[in-house]
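So the structure is just underneath, and the comments pick up after that.
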Amino acid sequence: MSTIGNEIQQKETEKVESIDYKMVTFSLSGKDYGIDIMKVKEISKAKRFTFVPNAEPYVRGVYNLRGDIISMIDLRVLFNLPAQRPDEDSFEDMIILRLDDYQIGIIVDEIDKVVGINSETIQPPHPIFGDINIKFIKGVVENENRLYLILDVEKILGDKTEETGERLRPQLVAAAGTAKGGTGKAEPGGEIDYSFIVESLETLGGFFVSDLNKEWIKKRFTDWKKQRTEKKEEVQLQEQSEAELFLRPFYSSNTGTFWSDNYRDALKERLSGLPEQGNLLVWNPGCGEGYETYSLAVTLREVYPSVQLKVWAHDKDLLHISTAPNLIFHENIISESLAEYTVEGKNGLQFNKSIRDSILFEYHNVLHSNPFPEVDIIFARDILSFHPQAEQNKLILEFNEKLKPGGFLVIGEHEVLKHQDFEDISSSKIRVYRKIQR
Amino acid sequence: MKTKADFPSINERKPDGLREDGGAYRVLIVDDSMFVTKQISQILTSEGFEVVGSASDGEQGVEKYKELYPNVDLVTMDITMPKMDGVAALEKILEFDKNARIVMISALGKQDLVKKSLMIGAKNYIVKPLDRAKVLERIMMSLK
Amino acid sequence: MRVEYINPFVEAAFNVLKEVLNDDIKRGELYLKSTSQPVLGVAAIVGLTGDVEGRVLFDMKKETALSVASEMNAEQLDEMNDLAKATISELANMITGQAVTKLHDLGFKFDLTPPAIITGENMEVSNSGVEALIVPVELKNGKIEINVAVRERT
């Protein structure tokens with residue numbers, strides 16, 4: 001008797017030891033499920049799917065996975081299971097499945113791990129095991145004291161109809177089709193296109209669309225779409241270089257270089273009106289390598305020759321700002337008027353001591369506390385747009401607190417600020433606001 | 001015929017810590033760090049010096065010097081210490097014994113305090129981290 | 001933190017640690033933290049005065065502190081006793097001292113106060129809302145985070 005027992009035991013162990021089926025496991029409403037790993041393309045976390053109108057409730061929307069438009073099914077909704085309503089900003093676990101030539105994503109509560117089993121240990125499903133329609137379950141299997149319901153993905157999403165089966169595929173294809181704009185209706189397609197561009201700008205370009213820059217982005221999108229369609233090129237941004245191409249016209253003039261005389265004149269005209277004596281304090285967040293900072297310091301020195309000028313120049317990119325204090329350059333990248341404030345050194349030109357002493361370059365993240373006094377001028381071109389909305393708001397709050405009444409705030413040429421404490425005194429070249437004196 | 005005794009072994013070097021008369025140089029270590037005191041002590045005793053006392057602040061250092069005098073040949077003095085720093089202690093010891101030999105030990109080099117010490121009358125200074133060779137060299141120089 | 005202050009600290013940390021530990025040490029990437037709280041378990045603090053106000057903090061796990069102290073004393077130390085603490089204090093003192101010396105050569109007047117060691121879980125250090133520059137140094141047995149929080153004396 002015992003020998004037979006041993007034999008069975010041995011066979012069981014053998015079964016367990018020969019793994020020929022691997023599944024990705026996850027949980028839905030507290031129960032464990034598994035999916036054949038051969039059908040899984042990748043797993044990921046995601047948020048903010050683009051809503052697709054006229055789709056079934058279990059279709060959460062579509063997701064831009066590096067250029068591919070994938071429909072996202074919320075399995076919990078599909079199976080009528082209770083699900084927590086996610087916050088706008090939380091990431092959800094998703095599994096991208098590949099069926100034949102078709103990709104689809106499913107959203108689950110929590111992805112667990114990959115489990116290897118012997119396919120012979122899979123038992124046929126019994127209604128008692130699950131609360132979802134049994135025909136979606138391929139089988140059940142036990143592994144390390146946990147019971148997994150293995151889902152039949154084809155049944156859930158495949159073309160085949162059963163007596164009580166649901167046809168999901170055609171609906172999904174239609175939804176995806178709408179997303180791609182392939183149905184020919186320009187309006188809804190256009191909106192989806194635009195929202196994808198907005199997302200890509202964020203992920204590929206670190207640029208965040210908000211009230212600050214929406215106007216410009218919309219206009220740019222229209223031009224961009226026209227250009228790309230004419231050239232029969234993809235409208236969507238697939239990689240970083242394309243995002244950069246899209247954003248190129250956004251940057252204010254003279255970004256990353258010493259300023260031209262025209263720009264300096266335009267700025268001088270806008271920044272006059274502050275006291276001619278005493279301290280002139282300036283905050284220059286996002287100063288980069290310092291070209292802007294030096295140009296600004298010289299320009300202000302020319303407008304206010306008798307003040308004690310002090311500039312706090314900040315950047316959180318150490319590589320860029322580390323060269324700023326001792327910036328050395330060739331005379332052919334600087335205008336003559338700016339060059340008057342330079343001195344010749346062994347390796348090239350440097351700004352003179354007076355200008356350099358007036359600038360404090362700090363490796364600093366302006367979202368952290370800013371321990372310096374109120375300033376007369378804040379020079380922050382094109383920095384707000386490269387921060388997420390919440391941080392943009394925080395920065396604007398900080399600018400407001402740190403700017404003296406009557407002081408000037410200069411932002412990017414294509415940025416727009418609508419704030420009750422700031423009066424728009426912009427000119428054609430300079431986007432500048434004055435803090436209202438109350 | 002010359003015997004071995006006429007040719008003293010070239011490999012035998014006299015340890016730095018021994019004076020001509022055969023006795024050991026006597027050192028007072030003044031430092032608020034247990035670690036540094038231990039380090040200096042180890043370096044010196046391994047070369048035949050005798051550590052005759054130690055103090056953990058300037059005040060104690062001055063007292064100890066006065067107690068030990070004239071049986072102390074050298075003082076190693078840390079610059080930054082609580083209660084009374086090394087420079088003040090240096091001054092006080094030199095007031096008491098103008099021939100005192102004091103070597104400053106510091107984490108700071110070429111600093112105003114080091115310079116000041118030398119001007120007041122310290123014989124030499126050593127910058128941390130302490131290197132055995134450097135320590136012995138500076139101390140030997142100060143003993144001349 | 002003023003750009004010119006950064007290199008002296010990075011170099012001093014690297015030079016001193018390399019000298020006292022006879023070890024292959026690696027510099028990690030610098031970054032900024034919004035708060036200057038020490039987080040790893042043992043912290044040696046050296047105050048800074050002069051052109052700035054603030055402090056340097058050497059943050060490390062207890063095991064790392066023991067490993068470093070053991071190596072510096074050429075004897076195995078198994079608990080943070082007086083000798084181990086004095087050793088870590090001295091390490092902090094030497095690194096800060098060398099940085100201050102370099103800063104002096106660059107024309108910046110810094111001074112340092114005697115170091116203090118604090119140990120324990122959930123340490124609270126005041127002024128934790130001040131931004132800190134973190135210089136991570138990887139050792140054989142752990143890492144030391146050099147945490148510098150200073151601001152210009154305006």
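Observations, loosely collected:
- Taken as a whole, region C:112-128 holds no residue that is in contact with a strand residue (DSSP E or B) (Cβ under 9 Å, 6 or more places away or on another chain), within 14 Å of chain A (Cβ to nearest Cβ), farther than 28 Å from C:ASP23 by Cα and at pLDDT 90 or above.
- Residue satisfying condition, being under 12 Å from the mean Cα position of the chain (by Cα), buried (at least 20 other Cβ atoms within 10 Å of the Cβ) and modelled with pLDDT of 95 or more, within set B:VAL36, B:VAL103, B:VAL51, B:VAL62: B:VAL103
- Checked against the criterion of being among the small types (Gly, Ala, Ser) and surrounded by 18 or more Cβ atoms within 10 Å (Cβ to Cβ), the candidates C:GLY129, C:GLY97, C:GLY120 yield just one match: C:GLY97.
- Restricting region C:1-24 to residues that are more than 14 Å from chain A (Cβ to nearest Cβ) and within 13 Å of C:GLU145 (Cα to Cα), the residue that is nearest to the chain's Cα centre (by Cα): C:ALA13
- Region A:192-236, residues that are under 20 Å from A:LEU417 (Cβ atoms) and touching a Ser or Thr at 6+ places or on another chain (Cβ under 7 Å): A:PHE207, A:PHE208, A:LEU212, A:ASN213
- Check on A:GLU276, free of Cβ contacts under 8 Å to residues at least 40 places away in the same chain, loosely packed, with under 14 Cβ neighbours inside 10 Å, among the charged types (D, E, K, R) and in a loop (DSSP other than H, G, I, E, B): yes
- Selection from region A:255-304 of residues that are charged (D, E, K, R) and farther than 15 Å from A:ILE321 by Cβ: A:ASP261, A:ARG264, A:ASP265, A:LYS268, A:GLU269, A:ARG270, A:GLU276, A:ARG301, A:GLU302
- For region C:35-55, taking the residues that are out of contact with any Asp or Glu (no Cβ under 6 Å at 6 or more places or on another chain) and of a type in the set (S, T, N, Q), the one that is surrounded by the fewest Cβ atoms within 10 Å (Cβ to Cβ) is identified as C:THR35.
- Looking at A:SER71, A:SER90, just one residue is modelled with pLDDT of 80 or more and among the small types (Gly, Ala, Ser), and that residue is A:SER71.
- Scanning region B:39-48 for residues that are buried (at least 22 other Cβ atoms within 10 Å of the Cβ) and either out of contact with any Asp or Glu (no Cβ under 9 Å at 6 or more places or on another chain) or within 14 Å of another protein chain (Cβ to nearest Cβ) (or both) yields B:GLN39, B:ILE40.
- The condition of being under 28 Å from C:PHE108 (Cβ atoms) and in contact (Cβ under 8 Å) with a residue 60 or more places away in the chain holds for only one of B:ILE105, B:ILE120, B:ILE79, that being B:ILE105.
- Residue in region A:332-345 that is out of contact with any strand residue (DSSP E or B) (no Cβ under 9 Å at 6 or more places or on another chain) and within 23 Å of C:ASN7 (Cα to Cα) present: yes
- Considering only residues in region A:350-375 that are among the hydroxyl-bearing types (Ser, Thr, Tyr) and surrounded by fewer than 18 Cβ atoms within 10 Å (Cβ to Cβ), the one that is nearest to the other protein chains (Cβ to nearest Cβ) turns out to be A:SER369.
- Among the candidates A:THR323, A:THR293, A:THR299, residue that is among the polar types (S, T, N, Q) and crowded, with 21+ Cβ neighbours inside 10 Å: A:THR293
- Pairs, first aliphatic (A, V, I, L, M) in region B:44-60, second part of a strand (DSSP E or B), C-beta under 7 Å, six or more apart: B:LEU44/B:VAL27; B:LEU44/B:VAL51; B:VAL51/B:VAL27; B:VAL51/B:ILE29; B:VAL52/B:ARG26; B:VAL52/B:VAL27; B:VAL52/B:LEU28; B:ALA55/B:VAL30
The values are calculated or read from the model by the stated rules, or taken from the named source; none is laboratory data. Since we're looking at a predicted model, the values are computed, not measured. In this analysis, Cβ positions are derived from the backbone assuming ideal geometry, glycine residues included, and neighbour counts consider all displayed protein chains.
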